[in-house]
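Q: I have a structure here, written as structure tokens, and I will follow up with some questions on it.
The values are calculated or read from the model by the stated rules, or taken from the named source; none is laboratory data. Predicted, not measured: the structure shown is a model, and the values here were computed from it. For neighbour counting, all protein chains shown are included, and Cβ atoms are generated from backbone atoms with ideal geometry for every residue, glycine included. Surface accessibility is based on the protein's heavy atoms, side chains included, excluding ligands, DNA and RNA. Shrake-Rupley method; radii C 1.70, N 1.55, O 1.52, S 1.80 Å.
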Amino acid sequence: MTHKSIRLSAFCLKFPNLKATAATVLVLLVASVGTTGCKCRTGKLAPAVTPVVVQLDWIFNAQFAGFYQAIEQGYFAEAALAVELRGGMTTPDIVAATLDEPQISFGSSESNVLLAEASSGAPLKILGTMFQSSPMGWMYLAESGIDEFTDLATKRVGIHADGWRVIKLLLQKNGADVSDFVTFECGYEPTVVLSGEGDAMQCYYIDEFVRFEQMVGDRAQVFLAKDYGYQAYSQVIFTHAETLEAQPEVVAAFLQALKRGWQYAFDHPRETVDLILSKYSPELDRDYQLRSLAKIQELMVPEPGSLFRPIDAEVLDAGQAHLLQFELIQQPVMIDELLVQDFLPQE
């Protein structure tokens, strides 16, 4: 089950220069470290400054602000890491791209995606989560006649390629009759709803819904999947099982530096947006990114001190139970083996 597949192509149509600005960003960081190397998964002796690849599952925007500030403020450099960010990867490809990378690599994806991949035999380990819940939702206009989430079962709902299983599952879970449920694949602009093409459309609370609010203010309404039984974490950090075994010190250093980057981004939102617009995605709208970063903070720090709070294994168990119930995966995963959070930064 995925959450934002093929969004990059639609976004690039809107911003034709995006491919140049959102191409791979390589940042070589220099740190004063000892001369002793260490072995990577390839078995080769790595330099004292360790190269690390990070696969991001969307474009370079506020969604990954912590990574940019961990680079900009030198936190990765202090950890002797040379970090390469790769943006724009579609969700179905993110796991394979991360695990197939010959260098040490980390990726981010939705927990149910990772459960499905692990069920199919992918040698991954979940290290922790950035978002404490999924931002997936369905947005609509206040005057549309939609009052309850289950009303969507009788409406035309625009979805992305990744979304039909989620909404159908949740409508059934909440008691709706989906025998006449109509969906159609749509893009990412709110015009789908504003033009009447659809009564509602799939969105991300931190992204498309921000744009919708910019356009129509309080008329913008949203049902969030998490409020209707979608038990999943989002932007979950994972790596190859062999990386965790061979390079635990790199994993710990990476997570510590990333947490510092996120804290700096939340403490300095305007500076962070300036950084995004100047070095990563100049096509983006400043107000859009500031609003998005504020919503991201809601999901990452739902209460004080909860940044990088450990994943609750029971949530993954519940998510897996739904995947098995609806035959979205065939084999259960041992959650205790998949989830390795020993390296999460301590408060």
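Q: Using only the Cα atoms of the range 100-238, each taken as one equal point scatterer with no solvent, compute I(q) by the Debye sum, divide by I(0), and report log10 of the ratio at q = 0.10, 0.12, 0.14, 0.20 Å⁻¹.
A: Values, matching the q order: -0.37, -0.52, -0.68, -1.17.
Q: Next up: Go through Lys168/Lys226; Lys125/Lys279; Lys259/Lys279; Lys168/Lys295; Lys125/Lys295 and tell me which ones have a Cα-Cα distance over 23 Å in this structure.
A: Where the Cα-Cα span goes over 23 Å, the pairs concerned are Lys125/Lys279; Lys168/Lys295; Lys125/Lys295.
Q: How far apart, in nanometres, would the label points at Asp147 and Ser306 be if each is projected 7 angstrom from Cα along the Cα-to-Cβ direction?
A: 3.1 nm
Q: Still on this structure, please answer the following. So, counting K/R as plus one and D/E as minus one, what does the shell of residues with Cβ under 13 Å around Gln231 add up to?
A: For residues surrounding Gln231, the net value is -3.
Q: Out of residues 5 or more away from Phe106 or on other chains, whose amide H comes under 5 Å of its own, with H placed 1.01 Å from N in the peptide plane?
A: Amide H neighbours of Phe106, under 5 Å, 5+ apart: Val53, Val54, Gln55.
Q: How would you order 124-133, 202-211 from highest to lowest mean count of nearby Cβ atoms within 10 Å? Please list the in-between numbers first.
A: Working: 124-133: 22.4, 202-211: 24.3.
Result, highest mean Cβ count within 10 Å first: 202-211, 124-133.
Q: Would you mind working out the accessible area per residue for the range 132-184, using a 1.4 Å probe, and quoting it in Å²? Spell out each step's value before the answer.
A: Values: 2190 Å² over 53 residues.
Here the per-residue accessible area is 41 Å².
Q: At R0 = 30 Å, how high is the FRET efficiency between Val178 and Asp342 if r is their beta carbon distance? Nearest 0.05 is fine. Intermediate values should be presented prior to the final figure.
A: On the way: r = 42 Å, r/R0 = 1.39.
So, using R0 = 30 Å, E works out to roughly 0.10.
Q: May I pose another question? Please say if the range 172-278 is rounded, prolate or oblate, where rounded means a/c under 1.5 for a ≥ b ≥ c the square roots of the C-alpha gyration tensor eigenvalues, and otherwise the choice is prolate for a/b larger than b/c and oblate otherwise?
A: oblate
Q: Quick check: at a probe of 1.4 Å, how many percent of the accessible area of the range 248-347 sits on carbon and sulfur atoms?
A: Here it works out to 49 percent.
Q: Round to a whole number: what % of the accessible area of the range 72-197 belongs to carbon and sulfur, probe 1.4 Å? Don't skip to the end; give the middle numbers.
A: On the way: 1930 of 4440 Å².
Solvent-exposed carbon and sulfur of the range 72-197 make up 43 percent of the total.
Q: Additional query: Please give the FRET efficiency for Thr191 paired with Asp93, using the beta carbon to beta carbon distance and R0 = 30 Å, rounded to the nearest 0.05.
A: 0.60
Q: How far, in nm, would the chain grow between Arg286 and Asp267 when pulled straight, counting 0.36 nm per residue and subtracting the alpha carbon separation?
A: Values: separation 19, 0.36 × 19 = 6.84 nm, distance 1.70 nm.
Once the chain is fully extended between Arg286 and Asp267, it gains 5.1 nm.
Q: Treat every Asp and Glu Cβ in the range 222-347 as -1 and every Lys and Arg Cβ as +1, leave all other atoms uncharged, and give the resulting dipole magnitude about the Cα centre to the nearest 20 debye.
A: Numbers: 9 positive and 20 negative charges, 111 e Å.
Result for the range 222-347 is approximately 540 debye, rounded to the nearest 20.
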